[in-house]
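Quick notes on the structure that follows.
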């Protein structure tokens, strides 16, 4: 099994920890305030109680992010609102885990503001996500004398990563494990789609350096030649298409732009990205980004799609993705350009993420499912919800369990807990309607910590253990006696009902 890491969810990772310099050479800067501030191009929108990453960005150039291309400027600010570092606080982000929100926002702002073609494309590079595991969640487990083995006194083995759910209550810094995991759920698509947005921003920036306005209805402009002559990476990132197209207004009068970027090179293999964004107002917009690429140093292709929509006080997003083990196909999409788990391109690692949030408070709900291969009997599922209680405190709850395959109805919901997924004589029947759970509250330091844990189980078919011979230890540590274990798994809904989300369409 592969780690539950390559989860494709659009957006900027929302960890306000500060800003860094940009490589594009523009004078854009971002601050890391957690207060509610705004500028001309981005309203302050707290996400999970954290302020908008674009809110602290200032710019020395108003041309591109100003009136000339306000719709594209809005596009650059969309994704941090629709996808959040779900429960991540603004303190103590792991350096290897997450690029700070302010830095990610600064990358896009700097790209948009660049004044030369070379500066427009200087910071655009790989789409490959930066993967980092959450240590408390789904570790590998070495065992000796597993009680489900036919001869318990003579067996040893290893349970692979990703299947064991919430294994310990919190990360080393005190952050609840489900909070850390929810943040990791959005990390990798954030990297990939931020890369896609930077490419789209670079195309618009190239238009700006040529003193060209964004296209009028029904027309397009292709900046591929200018891109290739300006980018120092050469064969590492060569484009055949870099087109911005103004689409005809829809029935509701929305302005719609479509950016298509395609090419090849050592950074992303052969890749294609299409981003369409329609907007009636700052509180009424929607769109889709979809595409495929080949991660560096791999032989597989990854396809993804994200559909997003904001209507008044609700933002929703649906992200789906998958890959193939041999890179034989880039056929990932249905007739509407949504990722299709029944496509020829999918045979390994399928991901489904449905998110809804209140753009004012940033609090919301996530349904996340991961399936290691097309033949798996179930998907591993993580659900979380945060809200503000009557006293004004940020609280939440989460569940981990197993549910329908990504190709089946009900994807993203939990219907059982399987405690021995890959061990000896394993059974996937599991415990019906049971799951791990945590309840959460944000503390004075700003991080979500555990209020109550319901995560105890043994990695056996019964989820309990009475064998004195059963030894186990997380990979890299010594094994010890498991001892007597009686699970405290909860009936689904016991700590809170995960709200229903209506998936966005576009």
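Quick note: the coordinates plus some simple rules give every number you see, no bench work behind them. Computed from a predicted structure; not experimentally measured. Cβ atoms come from the backbone with ideal geometry, glycine included; neighbour counts cover every protein chain shown.
Please report how far the C-alpha centroid of segment 136-173 lies from that of segment 471-506, rounded to the nearest whole angstrom. Answer, in whole Å: 13.
Centre-to-centre, using Cα atoms only, segment 402-453 and segment 243-315 are separated by 31 Å. Using the Cβ-Cβ distance between residue 158 and residue 284 with R0 set to 51 Å, the FRET efficiency from 1/(1 + (r/R0)^6) comes to roughly 0.50. In plain terms, the residue of 261, 418 with the fewest other Cβ atoms within 10 Å comes first and the most crowded comes last, giving 418, 261. Relative to the current alpha-carbon distance between residue 334 and residue 118, full extension at 0.36 nm per residue lengthens the span by 74.1 nm.
As a rough footprinting exposure proxy, the listed residues 199, 417 were ranked by other beta carbons within 10 Å of their own, and the order from fewest upward is 417, 199.
Of the residues 416, 310, the one with the fewest other Cβ atoms within 10 Å heads the list, and the complete ranking is 416, 310.
So what is log10(I(q)/I(0)) for segment 197-350 at q = 0.11 1/Å, when the Debye sum runs over its Cα atoms only? Debye intensities relative to I(0), on a log10 scale: -0.49.
Give me the log10 of I(q) over I(0) for segment 291-423 at q = 0.11, 0.14, 0.19 Å⁻¹, as the Debye formula computes it from C-alpha points; what are the numbers? Taking Cα atoms of segment 291-423 as identical point scatterers yields -0.47, -0.71, -1.08. If you sort the three axes of the alpha carbon gyration tensor as a ≥ b ≥ c, you get a/c of 1.5 or more for segment 352-506 and a/b no higher than b/c, which makes it oblate. Placing R0 at 25 angstrom, the Cβ-Cβ distance between residue 427 and residue 469 gives a FRET efficiency of 0.75 after rounding to 0.05.
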